[in-house]
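Report on one structure; see the data block that follows.
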Amino acid sequence: MGNTAHMGAITALADLLHSENRPEATQTAQLLASLGPSALATPGQSCPFHAEMCALLAQSPLPAAQALLQGFAHIPWGTNPVSTGPAQPIFAVAELLGDSAPITALNLRMGLFYQTANAYYGLHDHPADETYTILAGSAHWTAGDTTTWKKPGDMIHHPSMLPHAFRTGRQGVLAMWRWSGDVSTQNYRMLDDPLVPLAS
Ligand SMILES: [Fe+2]
């Protein structure tokens, strides 16, 4: 039963990656589908946001969110490949595919991201090409010069070095992300953001 549950989640995430229609996304989907079932067979770590993430997934209309909920115990929440970020614990990251992730890949990264309700993750950029797919909840999403509400099923592409920021309202947001191109994390930068007070 446990195996079936996490394989269903992997298949659903791989299907979403395929639907992005970019070669790097398809390559990520193929790696996930071929290596995921064994790599993610062990239950993952728990996380302080476990209950609220599950509640958010349960409300999502997306079949992929329901599949992820069924396989949730296998997600390695808590690993964060990015060394900088807000001091407050407003988000959790699970890296599923990457150089030190359960599914090994040297030039691709992929995982899940959760940001709590009523939180702002300020402007940042990085060399990697990135796509987020919203699985549950919603966020006011800035990508370059555009800020719009994003909801389950929305896919947001950030070309290399495009500044982006996320604001949540009454509910959090849970999304899948993937990186390609320069996937190193040392040049990930938090940017000057007029909405973030300077540290005194
Ligand atoms: Fe990003």
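The values are calculated or read from the model by the stated rules, or taken from the named source; none is laboratory data. The structure displayed is predicted, hence computed values, not measured ones. Because the Cβ atoms are built from the backbone with ideal geometry, glycine has one as well, and the counts that use them run over all protein chains shown. To get the accessible areas, we keep the full protein, side chains included, count just its heavy atoms, and leave off ligands, DNA and RNA. Shrake-Rupley method; radii C 1.70, N 1.55, O 1.52, S 1.80 Å.
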**Study point:** Geometric extent, Cα atoms of the chain - Rg, Dmax (angstrom)
**Key:** 15.7, 52
Exercise for review: Calculate the length of the line joining the C-alpha centroid of the range 135-168 to that of the range 1-52, in whole Å.
Suggested key: 22
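May I ask you to derive the FRET efficiency for Thr4 and Arg170 from their Cβ-Cβ distance with R0 = 45 Å, giving the value to the nearest 0.05? Numbers along the way, then the final one.
Numbers: r = 34 Å, r/R0 = 0.76.
E between Thr4 and Arg170, to the nearest 0.05, is 0.85.
Residues of the range 42-200: accessible area per residue at 1.4 Å, in Å²? Mind dumping the intermediate values first?
Values: 7190 Å² over 159 residues.
So the range 42-200 comes to 45 Å² accessible per residue, rounded to a whole number.
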Check your understanding: Dipole of the range 70-184, Cα-centred, from +1 at each Lys and Arg C-beta and -1 at each Asp and Glu C-beta, to the nearest 20 debye?
Key -> 420
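Counting only C-alpha contacts under 8 Å and six or more residues apart, can you give the relative contact order of the range 2-190 as a whole percent? List each step's numbers first, then the result.
Working: 439 pairs, mean separation 41.4, N = 189.
That works out to 22 percent.
So what's the range 103-152 giving for Cα Rg divided by 2.2 N^0.38 Å, two decimals? Numbers along the way, then the final one.
Details: Rg = 12.7 Å, N = 50, 2.2 N^0.38 = 9.7 Å.
Against the empirical 2.2 N^0.38 Å value, I get 1.30 for the range 103-152.
Which of the peptides 155-164, 114-123, 5-14, 171-180 is most tightly packed, and how do the rest follow, going by the mean number of other Cβ atoms within 10 Å of each residue? Spell out each step's value before the answer.
Values: 155-164: 16.0, 114-123: 19.1, 5-14: 21.6, 171-180: 23.7.
The most tightly packed comes first, giving 171-180, 5-14, 114-123, 155-164.
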Check your understanding: Non-local amide H neighbours of Ala139 (under 5 Å, H modeled in plane, Pro and chain starts lacking H): which ones?
Key -> Lys150
**Study point:** Rounded to whole Hz, the Karplus (6.51, -1.76, 1.60) HN-Hα couplings of the range 128-136, x for glycine and proline
**Key:** 5, 6, 9, 9, 9, 10, 6, 9, 7
Study note, to complete from the structure: The ³J(HN,Hα) series, computed from each phi in the range 51-58 with the Karplus coefficients 6.51, -1.76 and 1.60 at θ = phi - 60°, rounded to the nearest Hz and given as x for glycine or proline, is 5, 6, 5, 5, 5, 5, 4, 4
Exercise for review: Could you compute the FRET efficiency for Gln186 and Ala51, with r as their C-beta to C-beta distance and R0 at 30 Å, rounded to 0.05?
Suggested key: 0.30
Check your understanding: What list of ³J(HN,Hα) couplings, whole Hz, do you get for the range 165-177 from phi and the Karplus terms 6.51, -1.76, 1.60, once you set θ to phi - 60° and write x for glycine and proline?
Key -> 8, 10, 10, 9, x, 5, 10, x, 9, 10, 9, 8, 10
**Study point:** Among Ala9, Asn187, Phe113 the positive-end extreme of the charge dipole of the chain (Cβ point charges)
**Key:** Ala9
**Study point:** Sequence-distant residues sharing a close amide H with Ile75 (under 5 Å, placed H)
**Key:** Gly44
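Looking only at the chain, where both bridge partners belong to it, what percent of the DSSP beta bridges are antiparallel (to the nearest 5)? All intermediate terms of the calculation are to be shown ahead of the outcome.
On the way: 39 of 41 bridges.
In the chain, DSSP labels about 95 percent of beta bridges as antiparallel.
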